[in-house]
Amino acid sequence: MIGWYVHDHGWGHVTRMQAIRPHLDDEVTVFSTLPEPAALVAGTTWVQLPSDAEPVVGTDGITREAHELGDVTAGGALHWAPIGHPGHQERLAVIAEWITRKPLSAFVVDVSVEVTILTRLMGVPTVTLAQPGERTDAPHRLGYDLADRILAPWATGTIESSALVERIDRVRHVGAISRYDGRPRPVDPSRDSEERRVLFLSRTLDAARLARVTALLEADGWVVETAGAGVDDRVDDVWPLLCRATVVVSAAGQNGIADLAAADARAVVLPQERPFGEQEATARVLAAQGYALTAPAEVSPEELLDLVRRAAATMPRWDGWRVAGAAARAAAVIEEVVA
């Protein structure tokens, strides 16, 4: 049995788990604040955890935010451990109780320093996922120090991480993990080969700028499509959209970039502000190594129109991002620590 913690920020962490899961023979129990996805691989159990960030009503009847209950970082040693928060206490208790009664072989943490500490303290071999950006703060260092393996979902020679240098013996670079690895490109005989399409993938622009650049692109002869770029345009399967797009405009999240690589897409990448400079670090590599054109998140619609035109003329080669086989390699890293 393998345990797996999935962070609840966005859907990238659960998507990554779903890409790796088919390559594991063991049963897997997933813990997350997120609701259970519609489809899970057979042998997978989903345990929804209570929130550790909801406001709390104190004994005095006053409602306080979680960060108002006390020092949530334990003097900078942790990222999030709100004082006396019942949801925080219960979620850790659920995981701990499950560990005590299951024949557990490994626990994958994507991502939480606090869950890494808990699982390793309970004597469970632990695999933690690395992330781009500046991760040299005390909590990240502690989490990496406790992990039996550190799974880096990028290729060697792409993203550099100073936090991993001193722990390189436990680091495994597997390449970028995409849910679309190995999926055939769809055949669309009705598609006009001269048609220029641009896909806005994920939230990169505010509504006003998205509307403005859409108008500019359409006036320039482009067909504009969106997937997760607005309020009500989430698309569960973006593979057909990715494959038929002439250019994709995307944020620099790990899963989004992995999907671009799987589709061998021409792209304009607009890194969004994230903790520890995660997306900015990825975008710098993309630009420096010629995978995509990049621009700040504040780019104007007029500048973005020009970038899309320029991207259409590029011939990127994503082989170096090592998407092919990455999910299987990630599963093999997990199996390295199975007791």
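Taken together, the values in this text are just the output of simple stated rules run on the coordinates, not laboratory data. As the structure is a prediction and not an experimental result, all values here were calculated from the model. Please note: Cβ atoms are built from the backbone with ideal geometry, for glycine as well, and neighbour counts cover all protein chains shown.
Tell me, what is the percent relative contact order of segment 112-262, built from C-alpha pairs under 8 Å that lie six or more residues apart?
Once divided by the residue count of segment 112-262, the mean separation gives 20 percent.
Please state the equivalent ellipsoid semi-axes for segment 31-180: what are the square roots of 5 times the Cα gyration tensor eigenvalues, largest first, in whole Å?
28, 21, 15
Could you work out the Kirkwood radius for segment 54-137, taking every pair of different alpha carbons, averaging 1/r and inverting it, reported in Å?
14.6
How tilted is helix 278-288 with respect to the longest principal axis of the chain? Cα atoms for both, answer in degrees (0 to 90, nearest 10).
40
Could you compute how fast segment 196-319 diffuses translationally, taking Rh as the Kirkwood radius over C-alpha pairs and applying Stokes-Einstein at 37 °C with viscosity 0.692 mPa s? Give it in µm² per second.
The calculation lands on 232 µm²/s.
Between beta-carbons, use under 15 Å as the cut-off and find the net charge around PRO316, counting Lys and Arg +1, Asp and Glu -1.
Cβ neighbours under 15 Å give a net charge of +1.
Could you tally the net charge around GLY277, taking each other residue with its Cβ under 13 Å from the Cβ of GLY277, Lys/Arg +1 and Asp/Glu -1?
-3
Which one, VAL171, VAL57, VAL198, has the greatest fluctuation when you compute a Gaussian network model over the chain with C-alpha springs under 10 angstrom?
VAL57
Where is the GNM fluctuation largest for the chain (alpha-carbon springs, 10 angstrom cutoff): ASP181, ASP52, ASP71?
Of ASP181, ASP52, ASP71, the most mobile in the Gaussian network model is ASP71.
Loop only per DSSP, at most 11 neighbouring Cβ atoms within 10 Å: give me the GluC sites (Glu not before Pro) in segment 293-328, ordered by residue number. List each step's numbers first, then the result.
Values: sites: GLU298, GLU302, GLU303; in loops: GLU298.
Taking segment 293-328 and a limit of 11 other Cβ atoms within 10 Å, the loop GluC sites (Glu not before Pro) found are GLU298.
Taking Rh as the Kirkwood radius computed over C-alpha pairs, what is the Stokes-Einstein D of the chain at 37 °C in a medium of viscosity 0.692 mPa s, expressed in µm² per second?
154
To the nearest µm²/s, what D does Stokes-Einstein give for segment 1-108 at 10 °C and 1.306 mPa s, using the Kirkwood radius over alpha carbon pairs as Rh?
Estimated via Stokes-Einstein, D reaches 103 µm²/s.
Taking Cα pairs under 8 Å and at least six residues apart, what relative contact order does the chain come out at, in percent?
Once normalised by length, the contact order is 17 percent.
What does the charge count around LEU199 come to, taking other residues whose C-beta lies under 10 Å from its C-beta (Lys +1, Arg +1, Asp -1, Glu -1)?
Working: positive: ARG197, ARG244; negative: GLU225.
Spelling it out: positives minus negatives among the neighbours equals +1.
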